[in-house]
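Peer 1: This is the structure I have questions about; it appears just below.
Please treat every number below as a calculation from the coordinates, not as lab data. As the structure is a computational prediction, the values presented were derived from the model and not from experiment. For neighbour counting, all protein chains shown are included, and Cβ atoms are generated from backbone atoms with ideal geometry for every residue, glycine included.
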Amino acid sequence: MQFFNLLIEAVFTAVALVFALLPHEIAHGYTAMLLGDTTAKYQGRLTLNPFRHIHPMYAGWILGGIILGKLLPALSFLTGILVWVGFILLLKPVPINPANFSDPKKGMAITALMGPVTNLVIAFLGMFLWVGSWKLEVPYLSEYLALFFRILVSYNITLAVFNLIPVPPLDGSRVLFAFLPSRFYFRVMQYERYIMIVFLVLVYNGTFDLLLDRGTTNIFNFFFSVVSRVMGL
């Protein structure tokens, strides 16, 4: 039974990630289209088909790493690396050409912002489903539904908070750097790959854990308090 529960949790985590990552990327592409850039549309990236957005092999890495990490805690460091690498390589970024925007900096800022906003909307709606699942008095079903929606809410909030950190090429940098003079903006963008490598090392090293934990926890608690009042808890 314990193995079954661990497997269910691993599958729920993988599914929740899909419902966090795909809407995030599609929101970027759809917003870009509304602002004049149809690159994502013509490349078939405005779809909920996960295989158009992710590399299946790395999704397998993540799922396998989660399961092994649950079953063999002694290997948690190695499985953590496996999962982390899988996350980095999982997504095929939605193509966006800022040259198609009437104002490239403003267009990139709005396009970037809509990814985290979408995740927060999903998390808020998911909170209603999580709280509502408590009221189901069906053995196992209510428990598993509550687990899934709890994971869904957590991952969407975490993804939003993570992407709002103003470090290239995360979404937060697109918003913050829109206020920079153009000569500085495009110069920073040239080095975003190298900045991102350093940033990922710092994240894996735990440097940003406090910021991510506090941001995620505060938003989660705020959503929960609002939903609890609306549902009369």
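Peer 1: For segment 48-139, which chymotrypsin sites (Phe, Trp or Tyr not before Pro) pass both filters: DSSP loop (anything but H, G, I, E, B) and at most 15 other C-beta atoms within 10 Å? Display every interim value, and only then the final one.
Peer 2: Working: sites: Phe51, Tyr58, Trp61, Phe77, Trp84, Phe87, Phe101, Phe124, Phe128, Trp130, Trp134; in loops: Phe101, Trp134.
Sparse-neighbourhood loop chymotrypsin sites (Phe, Trp or Tyr not before Pro): Trp134.
Peer 1: By how many degrees, between 0 and 90 and to the nearest 10, does the Cα long axis of helix 2-34 differ from the longest principal axis of the chain?
Peer 2: Here the helix axis deviates by roughly 20 degrees.
Peer 1: Separate question: Taking neighbour counts of Cβ atoms within 10 Å as a proxy for exposure, in what order, fewest first, do Ile96, Ile8, Ile197 appear? Walk me through the numbers before you get to the answer.
Peer 2: Numbers: Ile96 23, Ile8 14, Ile197 11.
Ordered by Cβ neighbours within 10 Å, fewest first: Ile197, Ile8, Ile96.
Peer 1: May I pose another question? Mind running the shape call on the chain? Use the C-alpha gyration tensor, a ≥ b ≥ c as the square roots of the eigenvalues: rounded below 1.5 for a/c, prolate if a/b tops b/c, oblate otherwise.
Peer 2: Verdict is prolate for the chain.
Peer 1: Straight-line reach from Lys41: which lysines fall under 27 Å, measuring Cα to Cα and dropping same-chain residues less than 8 apart?
Peer 2: Lys92, Lys105, Lys106
Peer 1: While we're on this one: Please give the contour-minus-distance gain from Leu211 to Trp134: 0.36 nm per residue of separation, less the Cα-Cα distance, rounded to one decimal in nm.
Peer 2: Details: separation 77, 0.36 × 77 = 27.72 nm, distance 3.00 nm.
Full-extension gain reported as 24.7 nm.
Peer 1: Residue separation times 0.36 nm, minus the C-alpha to C-alpha distance between Leu125 and Phe77: what's the value?
Peer 2: 13.9 nm
Peer 1: Hey, can you rank 63-70, 152-159 by average C-beta count inside 10 Å, highest first? Don't jump to the answer; show the numbers that get you there.
Peer 2: Details: 63-70: 19.4, 152-159: 24.1.
Put in order of decreasing packing, that is 152-159, 63-70.
Peer 1: Quick one: what are the phi-derived ³J(HN,Hα) couplings along segment 139-151, Karplus 6.51/-1.76/1.60 with θ = phi - 60°, whole Hz, x for glycine and proline?
Peer 2: So the Karplus estimates, Gly and Pro as x, are x, 6, 4, 4, 5, 6, 5, 4, 4, 5, 5, 5, 5 Hz.
Peer 1: On to the next question. Can you report the principal axis dimensions of segment 42-146 using only the alpha carbons, biggest first, rounded to whole angstrom?
Peer 2: Principal axes ranked by extent give 55, 38, 23 Å for the Cα atoms.
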